[in-house]
Protein chains: 2
Amino acid sequence: MAKHEKISEAVVRRLPIYLRYLSYLQQVNVTTVSSQQMGMNLDVNPAQIRKDLAAFGDFGKKGIGYDVNYLVENIRQILKLTEEVRVVLVGAGHLGHAISNYNAYMKDNMRIAAIFDSDPQKWGKEVAGLQIQPMEEMAETIQAKNIKLAIMTIPATAAQTVCDQLIQAGIKGILNFAPTTIRVPKDVRVHYADVTSNLQSLAYYLT
Amino acid sequence: MAKHEKISEAVVRRLPIYLRYLSYLQQVNVTTVSSQQMGMNLDVNPAQIRKDLAAFGDFGKKGIGYDVNYLVENIRQILKLTEEVRVVLVGAGHLGHAISNYNAYMKDNMRIAAIFDSDPQKWGKEVAGLQIQPMEEMAETIQAKNIKLAIMTIPATAAQTVCDQLIQAGIKGILNFAPTTIRVPKDVRVHYADVTSNLQSLAYYLT
DNA sequence: TAGATTGTTAATCGATTAACAATC
DNA sequence: TAGATTGTTAATCGATTAACAATC
């Protein structure tokens, strides 16, 4: 595969969407799909889909389309989901609980492998089969379990400090639900998932 | 204001980020800010910030910068947050609860004004001061309370049906947490907030 | 005045889409 | 073979950044 073009962030954001639809097709026993059919269902231009996929290899057959199983396998590989991806969650509040219990990740080879909170009252309590641990154990656990991804569901005031600790411990990607921008080194990626900002930009389009 | 250029989605996504930082500056009694200082703190190019803001009006003073209060007021207006924006939430599961209780919206003039769920067991139960209502009452409530925005925290299987009902009832913007693409008319906006897709695209960047 | 910073233009960069030869 | 659909090139479109005159 790998044609070593540079892959844009926009492409990487679409790959999971493709994967999701293709997994659905597997479930309903569809074995072949065209870029046109995918485009229709995902609201993406078919040429876009072909270009996105072609950047990683020649997965399709001219005149036929794409083999669903083969494509699923390849996108999984591209997204590094072929072996279990462990994720740490920081902040066992309402949102943290909700995300921990929503274990739809599992089927995609992602798993929350540790949960931390600063509140002593919560330590030892079980969430989704894991005991909430004190922040003090964070670095050690992350290194011991070789965790590279983190989800932060903590207040904005704590975000930068916690983020610094996570990076110190070896985290390379953060999904940040805290309503604040965080500064990170170039080799660490942050995706923002703040609900308020997301809603506010929706409000712009009203009337 | 309004120089009737077409405003890109990227700009609209940044406005809430600007607003958040400016609100923070208000809290710490900073009255003036430059595009450079904002850029440093938000990781956005200062020219970008100036261009974004200039699209809506001349908010700054050459040689001085931007008056924080004045800018907050104007961005609020641009984002239509000057009067209360009511939001409906569909799906009172873990995630729905978490989002309802996380009422940081309030200070930004947004408020969850009704909550619906299909499970009869949940009807009448209180969440964040609201009683969970049956889906059957959705259209009526949305129209009665003149609600234009919706948050969907429901399973993927129900997403398209619920989304159709919401649009039928007059909803114009949807924040969709369900892990599926939904089809909507051109005048309705959807923002996607699925945790799994977001995490999966992060995984791509590992090693 | 000198220094700072905006608003805006022009240059660059990147992403999307259309079109079509290649080929199953 | 005829029809369908890919992979890819070229054209278009849009977004970001640099640079600087205007001016506080």
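All of the numbers you see were taken from the coordinates with simple rules; none came from a lab. What you are looking at is a predicted structure, and each value in this text was computed from that prediction instead of being measured. All Cβ positions, even for glycine, are placed from backbone atoms using ideal geometry, and neighbour counts span all protein chains on display.
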Query raised in the report: Kirkwood Rh, the protein assembly as shown, all Cα pairs: how many Å?
Result: 22.9
Query raised in the report: Taking the Cβ of B:Asp187 as the center, what net charge do the other residues with Cβ under 13 Å away carry, scoring Lys and Arg +1 and Asp and Glu -1?
Result: +4
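Taking only DSSP H segments of four or more residues, each worth -39500 (n - 2.57), what value at 222 nm results for chain A once the sum is divided by all its residues, to the nearest 500 deg cm²/dmol? Show your work: numbers first, answer last.
Values: 8 runs with 85 residues, N = 207.
The helix-only estimate for chain A comes to -12500 deg cm²/dmol at 222 nm.
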Requested in this report: With no solvent and one equal point scatterer per Cα, compute the Debye intensity ratio I(q)/I(0) for region B:85-199 at 0.09, 0.11, 0.14, 0.17 Å⁻¹ and report its log10, rounded to two decimals.
Outcome: -0.20, -0.31, -0.51, -0.77
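What is the average number of partner chain Cβ atoms found within 10 Å of a Cβ in A:10-22?
Values: counts 0, 2, 6, 6, 2, 5, 11, 8, 0, 3, 8, 2, 0.
What the average comes to for A:10-22 is 4.
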Report task. Across region A:22-132, how many lysine pairs, 8 or more positions apart or on different chains, have C-alpha atoms separated by under 30 Å? Please give the number. Result -> 10
Report summary line: The simple spin-label model distance between A:Glu140 and B:Glu136, using points 7 Å out along Cα→Cβ, in nm, is 5.7
Report summary line: In Å, the Kirkwood hydrodynamic radius from C-alpha pairs for region B:29-91 sits at 13.1
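State the percent of C-alpha pairs, over all pairs in chain B, separated by a distance greater than 26 angstrom. List each step's numbers first, then the result.
Details: 9614 of 21321 pairs.
Counting pairs separated by more than 26 Å, the tail of P(r) holds 45 percent.
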Requested in this report: Quick one: net charge around A:Gly173, please, counting Lys, Arg +1 and Asp, Glu -1 for every other residue with C-beta under 11 Å from its C-beta.
Outcome: +3
Query raised in the report: If you count, for each residue, the other Cβ atoms within 10 Å and average over each peptide, how do A:189-199, B:155-165 line up from highest to lowest?
Result: A:189-199, B:155-165
Query raised in the report: In peptide A:25-34, how many Cβ atoms from other protein chains are near each Cβ within 10 Å, on average?
Result: 0
Query - Using a 7 Å Cα-to-Cβ projection, B:Asp67 label spacings across copies, nm, ascending - result: 6.8
Report summary line: So, over other residues within a Cβ distance under 13 Å of B:Lys148, counting Lys, Arg +1 and Asp, Glu -1, the net charge is +3
Requested in this report: Starting from a label point 7 Å past Cα on the Cβ side, list the distances from A:Thr161 to the same position in the other copies, nm, shortest first.
Outcome: 4.7
Query raised in the report: Which of A:Thr157, A:Tyr21, A:Ile147 sits farthest toward the positive end of the charge dipole of chain A, with +1 on the Cβ of Lys and Arg and -1 on the Cβ of Asp and Glu?
Result: A:Tyr21
